[in-house]
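The values are calculated or read from the model by the stated rules, or taken from the named source; none is laboratory data. Predicted model only: the values in this text are computed from it and were never measured. As a convention, Cβ positions derive from the backbone with ideal geometry for all residues, glycine included, and neighbour counts pool all protein chains shown.
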Amino acid sequence: MALVHITKDNFNKEVMETEKVVLLDFWATWCGPCQMIAPILNEVAEECPDITVGKIDVDEEQELAMSFGITSIPTLIVIKNGKAVDKAIGMRAKNQIIEMIDNA
């Protein structure tokens, strides 16, 4: 599954109304650690077709970022059945990200 660009317009459909586990990546183009974690998230998206990996640009989607209380990026949030079940702030290794998803 490719990464999905999440906006306020598709948030409900892609995140809240899906039966899949969703991994949200709150990021920005100017954020160095966000750029470093991006290839890892691409791999996770390709290797885990049963989940959705959604990217939310905090500069474009400030309302969504505020609704999740995002104060630092990158922030990863795992959503299951419309509820946040796990959260990680900062750079994470691939195995740590997979573990977050598996524990959802």
Requested in this report: Just give me the residues in the stretch 19-59 being surrounded by 15 or more Cβ atoms within 10 Å (Cβ to Cβ), charged (D, E, K, R) and in contact with a Lys or Arg (Cβ under 7 Å, 6 or more places away or on another chain), in sequence order.
Outcome: ASP25
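What's the total number of residues in the stretch 47-88 that are in a helix (DSSP H, G or I), modelled with pLDDT of 95 or more and more than 14 Å from VAL22 (Cβ to Cβ)?
Residues flagged as in a helix (DSSP H, G or I), modelled with pLDDT of 95 or more and more than 14 Å from VAL22 (Cβ to Cβ) within the stretch 47-88 amount to 5.
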Query raised in the report: Which number in (1) aliphatic (A, V, I, L, M); (2) out of contact with any Asp or Glu (no Cβ under 7 Å at 6 or more places or on another chain); (3) buried (at least 18 other Cβ atoms within 10 Å of the Cβ); (4) more than 15 Å from GLY90 (Cβ to Cβ) marks the one condition that MET16 misses?
Result: (3)
Query - Residue list for the stretch 89-101, filter: surrounded by fewer than 11 Cβ atoms within 10 Å (Cβ to Cβ) and in a loop (DSSP other than H, G, I, E, B) - result: ALA93
Query - Residue list for the stretch 1-46, restricted to those being more than 17 Å from LYS80 (Cβ to Cβ), assigned to a helix (DSSP H, G or I) and out of contact with any strand residue (DSSP E or B) (no Cβ under 7 Å at 6 or more places or on another chain) - result: GLY32, PRO33, GLN35, MET36, ILE37, ALA38, PRO39, ILE40, ASN42, GLU43, GLU46
Report task. Kindly provide the set of residues from the stretch 69-85 that are crowded, with 16+ Cβ neighbours inside 10 Å and not basic (Lys, Arg), ordered by number. Result -> ILE70, ILE73, PRO74, THR75, LEU76, ILE77, VAL78, ILE79
